[in-house]
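Each reported figure results from applying straightforward, stated rules to the coordinates on display, with no laboratory input. Owing to the predicted nature of the structure, the values given are computational and were not obtained by experimental measurement. Glycine also receives a Cβ, built like all others from the backbone with ideal geometry; neighbour counts cover every protein chain displayed.
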Amino acid sequence: MNSKQELFTLAEQGLFDALSPEEQSLVLQSMSQEYFDEWHQSIQASQAFFKQQKTEVDYAVKYNLDQAFRMKYAGKRSPWIQRTVPLWQAAAACFLVALLSWAFLDASETEKITETIYIYQTDTIFQDAPIVNESPQEQARSMLKTTPKNFPVISKQKQKPNQQAEVISVNFELERMPKVNDSVVVFQNRMGQSVKDDTLLMNWGGVIF
Amino acid sequence: MSRNKYGLPIGIFYDVLTYVKTFTYRMKHYSNLSDEQLMQFIAKGKETAFNELYRRYADKMHRFFYNMLYQDEDLANDFTQELFLKIINNPKAFNPKWKFSTWFYTLAKNLCKNEYRRVSRQPQFQDLQENSSVIPATSQLEREQEQQLLASAIAQLEPYHRECFILRYQQGFNLKVISEILGCPEGTVKSRVYYAIQKIAEQLGPILNDKN
C-alpha cells in the first residue's frame with residue numbers, strides 16, 4: 001500500500017475486522033474504524049445499486065441503427081468492382097477488345113470464302129512397278145483392276161531374287177480442269193454441259209466472280 | 001514427416017483443411033470473434049458482425065450513459081445511438097492494434113464530456129435529498145430511500161470523479177484500464193476514486209449509521 005489514496009482497495013475487500021493487523025494499523029493512520037466501515041458499506045451499496053438497475057436500450061435505437069447501417073452499406077459493391085483503374089489501362093483495354101473483335105470477324109469472313117471454292121487439278125503420277133513374267137501392258141492392266149477407278153496407287157509386290165526389276169512409268173491422265181485464280185473461277189469448255197452451267201451469266205461472259 | 005502417394009506431406013493438407021473449417025465456422029458464428037475482429041468485419045459492411053457487437057455492448061453503454069448523464073433514460077438512449085452511429089459511419093477510425101473496449105469507452109466518455117460542456121445542468125436530486133428524511137422508515141421504503149440517495153450522491157459527483165467511480169464499480173474495470181480510457185495516470189484515477197467514495201460515504205453515512 002503506497003498511499004492513503006489506495007485505502008479504497010482495502011475497503012472493497014471487507015470490513016475493518018476482516019483486515020490483517022498490518023492493514024488495520026495502516027487504515028487507522030488515515031481514518032477511524034467506523035469511517036472505514038462506512039466506506040466499505042458505501043461501496044457495497046453502490047455495487048448493489050448498479051447491479052439492480054434494469055435499464056435497457058430502447059428498441060427504436062436498434063431499429064435506427066439498422067437503418068443507418070443498411071443505408072451506408074447497401075450500395076457497397078465488392079472491392080474489385082469498386083477499384084479505380086488508371087485512364088491508360090482503360091484505353092488499352094478498349095483498344096485490345098477492338099483489335100481482338102476485328103481479328104475474329106476477319107477470320108470468320110475468310111473462312112466463309114474458302115469454303116465455297118473447289119479446286120480441281122491435273123497431275124501426273126509416276127509409279128514404280130516390278131516386272132514379273134507378264135508384259136508391262138498386262139501388268140498395268142492387272143494393277144488397274146485392283147485400284148479404285150481413276151485413282152492409281154503404288155502397289156508393292158514381292159520380288160523374287162532371280163527376277164530383275166525394271167522401273168517403268170505409267171501415266172494416268174485425270175480429268176482436265178481449269179486453273180483457279182483466287183476467287184475467280186474460269187470455266188473453259190464447260191459451257192452448256194449442264195443445266196446449272198447453262199445460265200444467262202455463263203452465256204454472257206463465261207466468268208463467275 | 002508422413003507423406004501421401006504424391007510425395008506431399010499429409011500434415012499440410014490437414015492444416016489447410018483445419019484452417020478452412022475454422023474460417024468457415026467463424027464466418028458463420030461471429031459470437032466467437034473478438035471485438036477487434038468484429039470491427040474489421042463491420043468495416044467490410046457485415047451487418048451480422050455489427051449486430052453481435054451491439055449485443056455485447058448496447059446495454060453496458062446504455063447503463064454507463066444512464067449513470068453518467070443524470071440518470072436520464074432518454075438521454076442515455078440518444079447517446080447510445082450516437083455512439084454506435086460513430087462505429088457505423090467511420091469504422092476505420094478504430095485501429096486494430098488497440099483494445100476495442102478501451103477505445104469504445106473513450107468515445108463514450110468524450111460524448112459525455114461534450115454533453116457536460118454543452119449543458120451545464122444542475123443536479124436533479126437536490127430536492128430529493130432534502131426531502132428524504134420525511135419518508136417513513138419501513139424496510140422497503142428505507143431501501144428505496146437509500147437507492148435514491150445513492151443516485152443523488154452519484155449525480156452530484158464532479159464529472160471526472162463520477163466517470164472514475166462508474167467505470168470502477170459499475171463497469172468493473174481495473175485501475176489500469178480506467179487510466180487508459182481516461183488518458184490519465186493511474187495515480188490520478190486512484191485519487192479520483194478515493195474522493196468519489198469519500199463524498200458518497202459522507203452522504204450515505206447517516207442512513208448507514210441508522211441501519212447499524
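With each pseudo-label sitting 7 Å past Cα toward Cβ, what's the B:LEU141-A:GLU56 distance in nm, one decimal?
Here the modelled spin labels are 3.2 nm apart.
Considering every residue in B:185-198, what mean count of other chain Cβ atoms within 10 Å of its Cβ is obtained?
If you average over the peptide's residues, the count of other-chain Cβ atoms is 4.
Kindly provide the trypsin sites (Lys or Arg not before Pro) of segment B:66-122 that DSSP labels as loop, not H, G, I, E or B, and whose Cβ sees at most 16 other Cβ atoms within 10 Å.
Passing both the DSSP loop test and the Cβ count: B:LYS97, B:LYS99, B:ARG121.
Once both labels are modelled 7 Å past Cα along the beta-carbon direction, what's the B:LEU85-B:GLU158 spacing in nm?
The answer from the label model is 3.2 nm.
For A:GLN44 and A:SER101 in one chain, what is 0.36 nm times their gap in residues minus the Cα-Cα distance, to one decimal in nm?
Fully extending the segment from A:GLN44 to A:SER101 adds 12.4 nm.
Work from the charge dipole of segment B:37-113 (Cβ charges, +1 for Lys and Arg, -1 for Asp and Glu, about the Cα centre) and give the residue of B:LEU111, B:TYR70, B:GLN37 farthest towards its positive end.
B:GLN37
Using the number of other C-beta atoms within 10 angstrom as an exposure proxy, rank B:THR80, B:THR102, A:THR84 with the fewest first. Numbers along the way, then the final one.
Values: B:THR80 28, B:THR102 17, A:THR84 5.
Going from sparsest to densest Cβ surroundings: A:THR84, B:THR102, B:THR80.
If R₀ is 51 angstrom, what is the calculated FRET efficiency for the pair A:LEU28 and B:VAL20, using the beta carbon separation as r and rounding to 0.05?
0.20
For a quick check: sort A:TRP39, A:TRP88 by the number of other beta carbons within 10 angstrom, fewest at the front. Please report the intermediate quantities before stating the final value.
Details: A:TRP39 26, A:TRP88 8.
Lowest count first: A:TRP88, A:TRP39.
On full extension of the chain, what length is gained from B:CYS184 through B:GLU36, given 0.36 nm per residue of separation minus the C-alpha to C-alpha distance?
50.9 nm
On a C-alpha basis, how far is the centre of segment B:144-212 from the centre of segment B:16-86 in Å? Whole number, if you could?
27
Across the residues of B:199-206, average count of Cβ atoms on other protein chains within 10 Å?
5
Most exposed first by the Cβ proxy, i.e. fewest other Cβ within 10 Å, how do B:VAL119, A:VAL61, B:VAL189 rank?
Ranking B:VAL119, A:VAL61, B:VAL189 by Cβ neighbours within 10 Å, fewest first, gives B:VAL119, A:VAL61, B:VAL189.
Could you tell me whether segment B:63-105 comes out rounded, prolate or oblate from its Cα gyration tensor? Rule is a ≥ b ≥ c as square roots of the eigenvalues, rounded for a/c under 1.5, then prolate if a/b exceeds b/c, otherwise oblate.
oblate
Given points 7 Å out from each Cα along the Cα-Cβ axis, report the B:ASP59 to B:TYR116 separation in nanometres with one decimal.
2.8
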